[in-house]
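Here the structure comes first, spelled out in structure tokens, and everything after it is commentary.
Every read-out reported here was derived from the displayed coordinates using simple, explicitly stated rules and does not represent laboratory data. As the structure is a computational prediction, the values presented were derived from the model and not from experiment. Cβ atoms come from the backbone with ideal geometry, glycine included; neighbour counts cover every protein chain shown.
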Amino acid sequence: MRGHRREGRRGRGITRRGFLRTAAAAALSGPWLAAASTLGRAQVPAASQRITVGIIGVGGRGMGHLQALVGESQVVAVADPQLPRRVAAKDFVERHYAEAAAQAEKGVRTLFL
């Protein structure tokens, strides 16, 4: 079985050694191709250091959860079928982050799309 080749798309053989060589080259070039924000070198913390949250249902208890989570994580979306609650939660999040950062959705299904 030594030197066993598997036929590729155009009849070219792919050896295990050739595959490993290509995979090693790709793995070594990975950090050079990553975005600065991914590695935490930009103004934004690294992706591994951020927790983004979408709050579903911002009634009485949901608004309490929102207020607790806004300091611990980054709230990026709120969803509630009632417009006044949805708008109040979106305004609260945007005031906390001092920018228009929250997405307000009527239903849960559109939150995940």
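Once fully extended, how much extra length lies between E72 and A26, figured as 0.36 nm per residue of separation less the alpha-carbon to alpha-carbon distance?
13.0 nm
For every other residue with a beta carbon closer than 15 angstrom to the beta carbon of V58, add +1 if it is Lys or Arg and -1 if Asp or Glu, then tell me the sum.
My count for the surroundings of V58 gives +2.
At 0.36 nm per residue, and after removing the present C-alpha to C-alpha distance, how many nm does the segment from K106 to I51 gain when stretched out fully?
This chain segment gains 17.5 nm when fully extended.
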